[in-house]
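Every read-out reported here was derived from the displayed coordinates using simple, explicitly stated rules and does not represent laboratory data. This is a predicted model, so every value here is computed, not measured. Note that we place each Cβ from the backbone using ideal geometry, even for glycine, and neighbour counts take in every protein chain shown.
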Amino acid sequence: MCHVLNVQAGVEPYDEAQFLHRMRRWLVASLVAMLCFYTSLASVKLAFLFFFRRLGAGVQYFDRIWWAVLVVSVGSYLVAVGNLRYRCLVGSDVESVLRECNEAPSVGFETATLKANCALDVLTDFMVMSLPAILLWKAQIRWAKKLAILGLFSLSIVTTAIAIVRVANIDSTRRPDGNLDSSYLFLWTFIEPCVDFQVIEK
């Protein structure tokens, strides 16, 4: 990534064979990273969902809500991996990929899908974290304990904030050629799942 960005910025000399070879590797690595990113987020949501399902076992109204949240969560994952620009990441001809995928419509599509995927991520996080609140609403325990338990489960607000930060500044961190700043985007792409896994560990 750094070599590609440095060549595009004019910091390093352009060597066609080396640049195209590294660009191909970078594009494939980007695809793998994005697939792992969305899969890890979905895995965390599913871990919480199945944990809450065990807590709500036998509660009839909760079962229907749980299934609805599961369907929306799985659907958002499928949308996220489905709207990746596969043609721009694993295209056979790197030069044509660079030419076509750096045009304004393609970059605009990438920006729109990043924002849509972020909105789905935040929505499903909210839905998953609302499940313990639904369970605790009718639980016969003191309000202090209810609030303490809800506070514990609301740690995922941190990851929701990171998801928003990841996308909120992409327009202001664009490179001079109008493309997204990959270094900024991937920094937050790697931070969010790591924080997610820490929340589960806690």
If you stretched the chain out fully between VAL79 and ILE157, how much longer would it get, using 0.36 nm times the residue separation minus the C-alpha to C-alpha distance?
25.8 nm
What does the convex hull of the alpha-carbon atoms of region 1-138 project to on average, in nm²?
9.9 nm²
How many nm is it between the label spots at SER183 and ALA133, if each spot is 7 Å from the Cα in line with the beta carbon?
4.0 nm
Cβ crowding within 10 Å averaged over residues, with 121-133, 70-82 ranked highest first:
121-133, 70-82
Mean Cβ count within 10 Å, highest first, over the residues of peptides 100-107, 14-21:
100-107, 14-21
Going residue by residue through region 78-85, the Karplus relation 6.51 cos²θ - 1.76 cosθ + 1.60 with θ = phi - 60° gives ³J(HN,Hα) values, rounded to whole Hz and with x marking Gly or Pro, of 5, 5, 4, 7, x, 9, 5, 7
Fewest to most Cβ atoms within 10 Å: PHE50, PHE109 sort as PHE50, PHE109
Output ordering of 56-63, 180-187 (per-residue mean of other Cβ within 10 Å, highest first) is 180-187, 56-63
